[in-house]
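Q: My questions all concern the structure below.
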Amino acid sequence: MKSLKYLFFVSILIFLMAACTDKSLSPIFFTLETERSLTEDRGLEDGMTVHEVVKVGGAGTRYFAAGNTLYTRTETGNWTPVSPPVAGALCNTIEIFGGDLYAGFFTKDGTGLGLYYTDPVAISWNQVSDADIDNGQINLLKAVGPTYLFVSSLKTDGSGDYFLYYSSNPTVADTIDPVTFDTDPSGSIPIIDIEYDGAAYWVIAGPLLYMGPENNLQIQATVSDPATDGGKPFGGLLYSSGNILYLSGKDGKLWSRSAGVWSGATSISVDGGVQFTQFVDVTTVSGNILVGTEGKGYYRLILGDQTNYERRPDYNISALYNGAINCLFLDTSVTPEALFAGTMNAGLWRADYISGEWLWVQE
Amino acid sequence: MPKKLIYILLVVLLFLYLPCSVALAQDQGEEQTEEQPFTVYTLGQQTLSLSAGLYIPLFFQSFDGDYSKTNLGLGGAGSLQWGLHLSNNWMVGVEVGGMFSKSIQENTLYQLPITVKGSYIVHFFPFEFPIFIGTGMDIVKYTDQVHLNWIIKPGFSSIWKYNANWGFGLNVVYWWVLQPWSTQPDLGRMGNFLEITATAQYNF
């Protein structure tokens with residue numbers, strides 16, 4: 001009788017072991033056989049957090065990475081730190097606009113220091129002078145639409161609320177104007193992303209989605225559909241080269257809008273528990289759209305179809321496969337094309353597109 | 001490691017090892033003029049063995065015959081074995097083992113084989129040379145992926161009998177792990193590994 005019990009439990013164990021095999025992933029020995037070294041060691045720490053990566057072209061071509069410390073490197077060089085405008089200041093937002101590098105700085109205790117700009121080659125910081133931003137804590141910088149730099153900052157009224165501003169030339173004093181919402185985002189809800197689809201601006205703030213006409217940034221109207229489940233925030237926006245607007249949610253949902261219509265049938269719930277973040281359009285390289293997650297790497301939407309997706313990278317690149325992606329940046333000006341992924345506590349990764357694959361290394 | 005070198009290494013190990021051990025045993029036997037005790041196993045006697053040592057990843061082979069590197073470094077292996085003697089020369093048993101080894105991407109491969117084993121023991125007191133083969137299931141784990149594969153483990157040992165109960169020695173065991181892949185058969189591989197471990201054996 002005892003031996004039968006042991007046989008039963010061993011059988012259950014065998015069954016459970018067999019059930020753990022994920023047939024959607026590659027087998028172990030084949031995965032090991034195709035492994036390559038991931039370390040390229042360009043001077044960044046493996047466990048650092050990288051919020052944003054941008055590139056400036058021209059005579060002084062170089063990359064910038066905001067990883068609390070601001071770093072820069074040339075296309076072939078190693079990363080070196082950039083001195084902040086205030087000693088000890090940290091940086092989490094950067095953008096290239098009008099040939100200048102814009103960066104939001106804050107102190108180690110989280111106090112905002114405002115928005116600064118500099119020539120990207122000859123670094124010499126100047127603060128953007130505007131009462132609306134002043135020494136606010138910047139959480140979003142994005143060059144969107146024909147001629148605007150959008151800035152999201154904590155309001156300087158001490159309310160703890162975030163607001164959205166825009167300017168066509170922030171280097172000129174007091175040229176930053178607020179975007180007007182029909183219902184202001186409140187309750188300390190950060191402005192997460194903004195995108196332009198050729199006719200209107202779209203803004204996401206927490207679980208709120210806004211849309212406003214191109215010719216009047218003074219009106220951003222709330223859009224009630226699509227919406228996330230349970231009041232969870234949206235993750236990111238992308239207007240692709242294929243003229244499709246993509247929207248992600250931290251409830252695991254992905255939406256697309258084509259020909260001016262949100263299609264309810266295209267919104268899906270993916271692998272319950274996935275929290276989507278920012279997109280990147282790599283259709284010109286591989287034909288796909290990529291979207292980051294908080295803790296499950298990124299997903300590849302094959303040929304831009306959010307109903308045809310797969311989790312990436314390969315599971316043996318475990319730091320990135322299980323990583324929280326803060327940003328995805330595509331550089332098509334180099335050969336091979338390069339894709340950067342900034343992560344939370346797992347460093348900065350770069351993939352080169354070779355023979356139809358993104359081959360990842362850690363910088 | 002080139003496969004031919006591996007085969008040569010194994011054959012050399014086997015053919016240098018056994019004759020040397022036998023010669024040493026015979027030399028000792030010739031020097032001894034007095035009658036010496038010798039170990040005799042009878043049906044029902046049992047053996048417990050604990051082993052630990054080095055794990056050497058050799059190569060992968062596809063089911064089409066192509067060889068490839070493992071991209072694994074040297075690792076560690078260990079096992080616990082229970083054996084039941086059927087006669088002075090034959091023993092059957094069960095063995096639970098384990099190994100770990102790091103890949104070039106700094107991930108760790110784990111294997112846990114559970115095998116049934118049959119041994120033929122060659123006696124040259126105070127030495128014993130079990131030649132054995134085990135087969136069973138192997139739980140293979142690498143990051144998020146777990147497989148259950150079939151494993152075959154042929155090998156040999158050299159045991160010095162310290163006394164009637166205790167013996168100490170060395171194991172050389174070949175691990176052959178079959179990992180077919182039904183959804184994409186060309187991704188299936190056979191893993192080839194070598195275990196060289198020290199062992200302590202208790203007979204009761």
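Q: Out of all the residues in region B:116-170, which are closer than 20 Å to residue A:29 by Cβ, open to solvent by less than 30 Å² (accessible area, probe 1.4 Å) and of a type in the set (Asp, Glu)?
A: Once the filter is applied, which keeps residues that are closer than 20 Å to residue A:29 by Cβ, open to solvent by less than 30 Å² (accessible area, probe 1.4 Å) and of a type in the set (Asp, Glu), region B:116-170 yields only B:138.
Q: Examine region B:73-85 for a residue that is touching a helix residue (DSSP H, G or I) at 6+ places or on another chain (Cβ under 9 Å), within 12 Å of chain A (Cβ to nearest Cβ) and not β-branched (Val, Ile, Thr), and state whether such a residue exists.
A: Looking only at region B:73-85, we keep the residues that are touching a helix residue (DSSP H, G or I) at 6+ places or on another chain (Cβ under 9 Å), and these are none.
There is no residue in region B:73-85 that is touching a helix residue (DSSP H, G or I) at 6+ places or on another chain (Cβ under 9 Å), within 12 Å of chain A (Cβ to nearest Cβ) and not β-branched (Val, Ile, Thr).
Q: Could you tell me how many of the residues in region B:61-72 are farther than 17 Å from residue B:195 by Cβ and within 9 Å of another protein chain (Cβ to nearest Cβ)? So that I can check it myself, show each step before the final result.
A: Step one: list which residues in region B:61-72 are farther than 17 Å from residue B:195 by Cβ, which gives B:61-69, B:71.
From what's left, within 9 Å of another protein chain (Cβ to nearest Cβ): B:62, B:68-69, B:71.
Looking only at that region, the number is 4.
Q: Where residues in region B:171-182 are aliphatic (A, V, I, L, M) and within 12 Å of chain A (Cβ to nearest Cβ), which of them is least open to solvent (accessible area, probe 1.4 Å)?
A: Within region B:171-182, the first condition is being aliphatic (A, V, I, L, M), and the residues that meet it are B:172-173, B:177-178.
Then drop every residue that is not within 12 Å of chain A (Cβ to nearest Cβ), which leaves B:177-178.
Working: B:177: 0, B:178: 30 Å².
Residue satisfying both the conditions and the ranking: B:177.
Q: How about region B:52-78: which of its residues are surrounded by 14 or more Cβ atoms within 10 Å (Cβ to Cβ), among the aliphatic types (A, V, I, L, M) and without any contact (Cβ under 8 Å) to a residue 60 or more places away in the chain?
A: Of everything in region B:52-78, just one residue is surrounded by 14 or more Cβ atoms within 10 Å (Cβ to Cβ), among the aliphatic types (A, V, I, L, M) and without any contact (Cβ under 8 Å) to a residue 60 or more places away in the chain, namely B:72.
Q: So, one more: Mind checking which residues of region B:79-100 are surrounded by fewer than 20 Cβ atoms within 10 Å (Cβ to Cβ) and in contact with a Pro (Cβ under 9 Å, 6 or more places away or on another chain)?
A: The first filter runs over region B:79-100 and keeps only residues surrounded by fewer than 20 Cβ atoms within 10 Å (Cβ to Cβ), leaving B:80, B:82, B:84, B:86-90, B:92, B:94, B:96, B:98, B:100.
Correct list: B:96, B:98.
Q: Moving on. Every residue in region B:142-170 that is of a type in the set (S, T, N, Q), within 13 Å of chain A (Cβ to nearest Cβ) and within 21 Å of the chain's Cα centre (by Cα), please. Outline the logic, then answer.
A: Going through region B:142-170, the residues of a type in the set (S, T, N, Q) turn out to be B:143, B:145, B:149, B:157-158, B:163, B:165.
Adding the requirement that they be within 13 Å of chain A (Cβ to nearest Cβ) leaves B:143, B:145, B:149.
Matches in region B:142-170: B:149 only.
Q: Mind listing whichever residues of region B:92-105 are of a type in the set (A, V, I, L, M) and over 15 Å from the mean Cα position of the chain (by Cα)?
A: Just the residues of region B:92-105 that are of a type in the set (A, V, I, L, M), to begin with: B:92, B:94, B:96, B:99, B:104.
If the condition is that a residue be of a type in the set (A, V, I, L, M) and over 15 Å from the mean Cα position of the chain (by Cα), then B:104 is the only one that fits.
Q: May I pose another question? Could you pull out the residue among A:13, A:38, A:25 that is under 23 Å from the mean Cα position of the chain (by Cα) and modelled with pLDDT under 90?
A: Working: A:13 fails: under 23 Å from the mean Cα position of the chain (by Cα); A:25 fails: under 23 Å from the mean Cα position of the chain (by Cα).
Only one candidate passes the filter, namely A:38.
Quick grid of which residues meet (1) without any contact (Cβ under 8 Å) to a residue 60 or more places away in the chain; (2) of a type in the set (A, V, I, L, M, F, W, C); (3) within 14 Å of chain B (Cβ to nearest Cβ); (4) buried (at least 18 other Cβ atoms within 10 Å of the Cβ):
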{"site": "A:29", "(1), (2), (3), (4)": "yes, yes, yes, yes"}
{"site": "A:33", "(1), (2), (3), (4)": "yes, no, yes, yes"}
{"site": "A:38", "(1), (2), (3), (4)": "no, yes, yes, yes"}
{"site": "A:48", "(1), (2), (3), (4)": "no, yes, no, yes"}
{"site": "A:60", "(1), (2), (3), (4)": "no, no, no, no"}
{"site": "A:70", "(1), (2), (3), (4)": "yes, yes, no, yes"}
{"site": "A:73", "(1), (2), (3), (4)": "yes, no, no, no"}
{"site": "A:79", "(1), (2), (3), (4)": "no, yes, no, yes"}
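Q: Let me ask something additional. Can you work out which of the residues in region A:322-363 that are hydroxyl-bearing (Ser, Thr, Tyr) and out of contact with any Pro (no Cβ under 6 Å at 6 or more places or on another chain) is most open to solvent (accessible area, probe 1.4 Å)? Talk me through it step by step, then tell me what you get.
A: To start, the set of residues in region A:322-363 that are hydroxyl-bearing (Ser, Thr, Tyr) comprises A:332-333, A:335, A:343, A:353, A:355.
So of that shortlist, the ones also out of contact with any Pro (no Cβ under 6 Å at 6 or more places or on another chain) come out as A:332-333, A:335, A:343, A:355.
Details: A:332: 82, A:333: 83, A:335: 141, A:343: 0, A:355: 112 Å².
So the residue we want is A:335.
Q: Looking only at strands (runs of 3 or more DSSP E) that fall completely inside region A:152-208, which ones have 1 or more residues that are free of Cβ contacts under 8 Å to residues at least 60 places away in the same chain and charged (D, E, K, R)? Please lay out each step first, then the result.
A: Numbers: elements: A:162-167, A:191-196, A:200-205.
Here the list reads A:191-196.
Q: What number of residues within region B:183-204 are open to solvent by less than 30 Å² (accessible area, probe 1.4 Å) and either under 13 Å from the mean Cα position of the chain (by Cα) or within 14 Å of chain A (Cβ to nearest Cβ) (or both)?
A: Going through region B:183-204 one residue at a time, the tally reaches 11.
Q: Further question on the same structure: For residue A:204, state whether it is over 25 Å from residue A:57 (Cβ atoms), open to solvent by 30 Å² or more (accessible area, probe 1.4 Å) and in contact with a Phe, Trp or Tyr (Cβ under 7 Å, 6 or more places away or on another chain). Reasoning before the result, please.
A: Details: over 25 Å from residue A:57 (Cβ atoms): yes; open to solvent by 30 Å² or more (accessible area, probe 1.4 Å): no; in contact with a Phe, Trp or Tyr (Cβ under 7 Å, 6 or more places away or on another chain): yes.
Spelling it out, it is not the case that residue A:204 is over 25 Å from residue A:57 (Cβ atoms), open to solvent by 30 Å² or more (accessible area, probe 1.4 Å) and in contact with a Phe, Trp or Tyr (Cβ under 7 Å, 6 or more places away or on another chain).
Q: While we're on this one: Could you look through region A:304-315, keep only residues that are polar (S, T, N, Q) and surrounded by fewer than 22 Cβ atoms within 10 Å (Cβ to Cβ), and pick out the one that is farthest from the other protein chains (Cβ to nearest Cβ)?
A: Taking region A:304-315 and keeping what is polar (S, T, N, Q), we get A:306-308.
When the remaining residues are screened for being surrounded by fewer than 22 Cβ atoms within 10 Å (Cβ to Cβ), the result is A:307-308.
Numbers: A:307: 21, A:308: 18 Å.
Taking the candidates together, the pick is A:307.
Q: For region A:94-106, give me the residue count where each residue is open to solvent by 10 Å² or more (accessible area, probe 1.4 Å) and not small (Gly, Ala, Ser). Give the derivation first.
A: Going through region A:94-106, the residues open to solvent by 10 Å² or more (accessible area, probe 1.4 Å) turn out to be A:95-100, A:106.
Adding the requirement that they be not small (Gly, Ala, Ser) leaves A:95-97, A:100, A:106.
Qualifying residue count, region A:94-106: 5.
The values are calculated or read from the model by the stated rules, or taken from the named source; none is laboratory data. In this text, all values refer to a predicted model and were calculated from it rather than measured experimentally. Ideal geometry is used to build each Cβ from the backbone, glycine not excepted, and the neighbour counts take in all protein chains shown. Ligands, DNA and RNA are excluded from the accessible area calculation, which covers all protein heavy atoms including side chains. Shrake-Rupley method; radii C 1.70, N 1.55, O 1.52, S 1.80 Å.
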